[in-house]
Structures are given as structure tokens and as C-alpha cells.
Amino acid sequence: MRMAACLGVGVDLIEPAGFDASDRNLRRAGLDYLGELDMTRHVSFAAFDGERRQSGARLVLATTRAAQPYTEFAFRPGDIVMVGRESAGVPDAVHEAADARIIVPMRPGLRSLNVAVCAAMMLGEALRQTGFGS
């Protein structure tokens, strides 16, 4: 949440979340950045996906099941980069709904990066490609 606030990107929180998403916990995690955050809560993936499709945004899924490195993907303004639970990823229905699947290439034999680190890397590349700060 702090990263999104600092970089000026929105956050879509899809319930049920893989963490305590109570207002109290979000306030604690967001510290003094929460007031600067553009966050939308969705009651389910179906509700989120319906709104996303209606807006025309592409869903770009960060997943260890992808083949395309995030650095070789052509991001567009309005793309939604989604990360799942660190322990389990996202359900198959989310994989099927994604317009693209991307991965952070890693050394063989290692499972995955911390989800926040992965999100930061992909968001940085997406913002670089779409002209953030220019």
C-alpha cells in the first residue's frame, strides 16, 4: 500500500484477501500513507473482473506458471498487474481470466520471490515503459 501511494498507482483489494484486511489492520500497515492511497475494495474476483472488463483494462498476472519474463512484456497505460497469495498464488479461474501472464526469471531450483518484491519489480518496469515521471 505504501508503494502504491508513493508511486501514485491504485490498489484493488479483492476479498477474501490472503491477509487480515480489516480497516484497523490496513490503517496499521498503511501508516500515514493510507490517506494518499487510491484503493478500491471488491467483494469477489467476479465483481472485480466485471468492473475491469467494463473499463477495458488488461489483467496482467504475475505468476510462477508464466513463461514470458516481465521485462519482455509490453505494458500499456491502464494495465492492472495482479499478484496472488505468496503461499498459493491465485485460483485457476483467475489464471483463465488473465489477459497476460508474466514472471520474474530466477535461478533454477528456487521457488519464488517475496510477493511484494515481485510486485515492485513489475510495477517499476510497467511505469518505466508507460512514461512514469516523464
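The values are calculated or read from the model by the stated rules, or taken from the named source; none is laboratory data. Keep in mind it's a predicted model, so treat the numbers as computed, not measured. Don't worry about glycine lacking a Cβ; one is built from the backbone with ideal geometry, like all the others, and counts go over all protein chains shown.
Laid out as a table, the results:
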| quantity | calculated |
| --- | --- |
| Of residues in region 87-104 being touching a helix residue (DSSP H, G or I) at 6+ places or on another chain (Cβ under 8 Å) and at pLDDT 90 or above, the one nearest to residue 14 (Cα to Cα) | 94 |
| Whichever residue in region 40-66 is closer than 17 Å to residue 89 by Cα and among the polar types (S, T, N, Q) and, among such residues, is surrounded by the fewest Cβ atoms within 10 Å (Cβ to Cβ) | 44 |
| Residue in region 41-62 that is more than 20 Å from residue 105 (Cα to Cα), of a type in the set (A, V, I, L, M), in a helix (DSSP H, G or I) and at pLDDT 90 or above present | yes |
| Among the residues listed as 78, 131, 109, 84, the single one being at pLDDT below 95 and surrounded by 18 or more Cβ atoms within 10 Å (Cβ to Cβ) | 84 |
| Yes/no for residue 106 being without any contact (Cβ under 8 Å) to a residue 40 or more places away in the chain and either touching a strand residue (DSSP E or B) at 6+ places or on another chain (Cβ under 8 Å) or over 25 Å from residue 5 (Cα atoms) (or both) | yes |
